[in-house]
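Presented below is the structure to which this report refers.
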Amino acid sequence: MRTLDVGIVGCGFAGAATAALLGRAGHRVTVYEEFAEPSAIGAGIVLQPTGLSVLAELGVLGRVLARGARLEALHCVTPENQDVFRLDYAQLHPALFGLGMHRGALFQILHEQAIAAGATLQRATSVARVLEQPRKALLHDHAGRLLAEHDLVVIANGARSDLRRASGLVRRERPYPWGALWFVARDPTHFYRDRLRQITNGTRHMLGLLPTGLGPLESENTPDEHRVSLFWSIRMDGIEAFRRAGFHAWKEQILRYEPDAAFVLDQIESVEQVLTAGYHDVVMASFHTQRQVFIGDAAHAMSPQLGQGTNLALMDASTLCAALSEDVPLSIALERYSRSRRAHIAFYQFASRWLTPLFQSDLQALGPLRNALMDWACRLPLMREEMLRTMSGIKQGIVGESLALPAILAALPAPLKSHARARSAAPSAR
Ligand SMILES: Cc1cc2nc3c(=O)[nH]c(=O)nc-3n(C[C@H](O)[C@H](O)[C@H](O)COP(=O)(O)OP(=O)(O)OC[C@H]3O[C@@H](n4cnc5c(N)ncnc54)[C@H](O)[C@@H]3O)c2cc1C
């Protein structure tokens with residue numbers, strides 16, 4: 001395809017990764033970001049093998065691995081420390097693993113890549129409207145002023161995108177009643193490592209402890225600066241009451257579930273340090289129009305129960321760049337993009353929508369049912385494999401269909417496959 005003039009709305013993970021890939025492929029790229037200083041504040045995220053393979057394509061996997069915390073497993077237990085399930089990536093393939101990563105650290109790397117690839121970043125610029133004309137798409141700000149015109153506009157402005165609503169392509173857009181409180185703590189002894197640990201009691205209480213690696217500003221030579229992210233499930237309409245009540249009772253409740261987390265809780269000095277996150281369920285009929293394409297949370301926000309949102313956003317960026325490299329008209333490239341992302345995204349939308357109430361809802365009776373179901377599923381080799389494929393981010397349909405694992409493994413450079421399993425003698429989370 002000829003060189004395109006591309007405008008990208010939103011400099012989050014989706015926008016920054018797309019800017020880096022399209023800039024490198026020779027397209028002229030301008031990214032519009034409403035914040036004066038784009039950054040990704042927030043807790044840790046899990047990068048799955050799918051997301052890691054795109055980071056390899058971007059040439060940043062080494063830096064990402066150096067800043068992240070390798071995860072061998074997702075381990076969910078009851079308050080009595082009975083397994084609800086334990087899924088080890090290596091049971092699917094010995095070379096697979098996940099990575100706990102500080103949002104800010106990943107953002108910093110992607111942002112640097114976008115700038116190095118020649119993308120121009122227009123900060124403090126909020127795009128209010130995209131007007132499509134036969135040959136160009138026009139971007140307007142909130143005062144109705146024309147900002148720019150582009151051959152193609154990539155909408156990557158996150159879960160609350162107004163531009164998505166204006167497209168007329170939205171099939172479903174709902175906030176979840178439950179969200180999360182979170183806090184990122186220092187973990188100097190690297191106590192939480194190797195796995196994402198979740199403790200679940202029925203469907204109303206869930207605690208997560210995610211090894212998160214280094215923060216954005218820390219050097220790779222400061223191992224004592226390792227972080228751990230604490231998540232706590234909360235009803236969104238209970239947040240005000242939580243803030244009014246203060247955190248003492250909350251801390252005690254967490255300590256009952258996880259006495260080892262005392263060093264994490266000791267670092268929380270005021271209730272303002274505990275931040276909140278809400279989730280959305282967004283489904284679009286199609287991911288493109290004539291001159292706009294929707295990616296990342298703007299296209300398919302979902303609950304983070306399966307830890308896939310960033311990974312899907314990175315896969316979107318990679319697939320879009322591949323579609324635009326084909327020697328076909330723009331309309332066909334966008335049609336191919338939408339079609340090739342459909343099944344992968346639809347599976348994770350479906351799975352997260354159905355799984356979330358099993359872990360976060362008022363339907364308490366689902367708790368014991370979930371525990372029994374997970375226990376049964378983990379014992380059946382076929383079911384277990386499907387769960388491992390789901391966790392790794394490669395599922396494209398309910399039964400069987402997956403992204404080709406060998407292709408994902410091939411995209412990962414040797415250091416990832418042979419990455420030594422770092423285990424120190426220090427005690428770690430059970
Ligand atoms: C509690 C929680 C835990 C999560 N855990 C995981 C996990 O473990 N693994 C995982 O893969 N995913 C996880 N996710 C999901 C992940 O955070 C998102 O999928 C990801 O951040 C989406 O990236 P994005 O670039 O699409 O959107 P965003 O990160 O929301 O970026 C959108 C950008 O657009 C900008 N913007 C908005 N409107 C405009 C406008 N009009 N004009 C210009 N700029 C604009 C915003 O300022 C922002 O910078 C989690 C989410 C939550 C809430």
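Across the stretch 336-346, the qualifying residues are those that are out of contact with any His (no Cβ under 9 Å at 6 or more places or on another chain) and more than 22 Å from TYR176 (Cα to Cα), and the one among them that is least open to solvent (accessible area, probe 1.4 Å) is ALA343. Residues of the stretch 159-191 that are hydroxyl-bearing (Ser, Thr, Tyr), assigned to a loop (DSSP other than H, G, I, E, B) and either open to solvent by 10 Å² or more (accessible area, probe 1.4 Å) or closer than 22 Å to PHE359 by Cα (or both): TYR176, THR189.
Number of residues in the stretch 102-120 that are among the aliphatic types (A, V, I, L, M) and in contact with a Pro (Cβ under 7 Å, 6 or more places away or on another chain): the value is 1.
Name every residue in the stretch 121-131 that is within 14 Å of the ligand (Cβ to nearest atom) and of a type outside the set (D, E, K, R), in order of residue number. Within the stretch 121-131, LEU121, GLN122, ALA124, THR125, SER126, VAL127, ALA128, VAL130 meet the criteria. Flag: LEU121 does not match the condition of being modelled with pLDDT of 95 or more, surrounded by 24 or more Cβ atoms within 10 Å (Cβ to Cβ) and of a type outside the set (Phe, Trp, Tyr). Look through ALA277, ALA298 and report the one residue that is surrounded by fewer than 18 Cβ atoms within 10 Å (Cβ to Cβ), under 30 Å from GLU240 (Cβ atoms), near the ligand (Cβ under 8 Å from one of its atoms) and touching a residue at least 24 places away in the same chain (Cβ under 8 Å). Exactly one of ALA277, ALA298 is surrounded by fewer than 18 Cβ atoms within 10 Å (Cβ to Cβ), under 30 Å from GLU240 (Cβ atoms), near the ligand (Cβ under 8 Å from one of its atoms) and touching a residue at least 24 places away in the same chain (Cβ under 8 Å), namely ALA277. Among residues belonging to the stretch 382-410 that are open to solvent by 50 Å² or more (accessible area, probe 1.4 Å) and of a type in the set (A, V, I, L, M, F, W, C), point out the one that is modelled with the lowest pLDDT. Only one residue fits best here, namely VAL399.
The set of residues in the stretch 309-335 that are among the β-branched types (Val, Ile, Thr), open to solvent by less than 60 Å² (accessible area, probe 1.4 Å) and either closer than 21 Å to THR289 by Cβ or away from the ligand (no atom under 16 Å from the Cβ) (or both) comprises THR319, VAL328.
Looking only at residues in the stretch 72-108 that are more than 20 Å from the chain's Cα centre (by Cα) and of a type in the set (Gly, Ala, Ser), the one that is least open to solvent (accessible area, probe 1.4 Å) is ALA95. The number of residues in the stretch 13-72 that are within 9 Å of the ligand (Cβ to nearest atom) and assigned to a loop (DSSP other than H, G, I, E, B) comes to 9. Of all the residues in the stretch 347-375, those that are surrounded by fewer than 18 Cβ atoms within 10 Å (Cβ to Cβ), closer than 20 Å to ARG197 by Cα and not aliphatic (A, V, I, L, M) number 2. For the stretch 142-170, the set of residues classified as near the ligand (Cβ under 9 Å from one of its atoms) and more than 28 Å from the chain's Cα centre (by Cα) consists of HIS142 only. Checked against the criterion of being under 21 Å from the mean Cα position of the chain (by Cα), buried (at least 18 other Cβ atoms within 10 Å of the Cβ) and at pLDDT 95 or above, the stretch 243-256 contains not a single residue that satisfies it. Of the residues making up the stretch 29-38, one or more are over 24 Å from LEU92 (Cβ atoms), in contact with a His (Cβ under 7 Å, 6 or more places away or on another chain) and touching a residue at least 24 places away in the same chain (Cβ under 8 Å).
The values are calculated or read from the model by the stated rules, or taken from the named source; none is laboratory data. Just so we're clear, the structure is a prediction, and the values are computed from it rather than from any experiment. All Cβ positions, glycine included, derive from the backbone under ideal geometry; neighbour counts span all protein chains shown. Note: areas computed on protein heavy atoms with side chains; ligands, DNA, RNA excluded. Shrake-Rupley method; radii C 1.70, N 1.55, O 1.52, S 1.80 Å.
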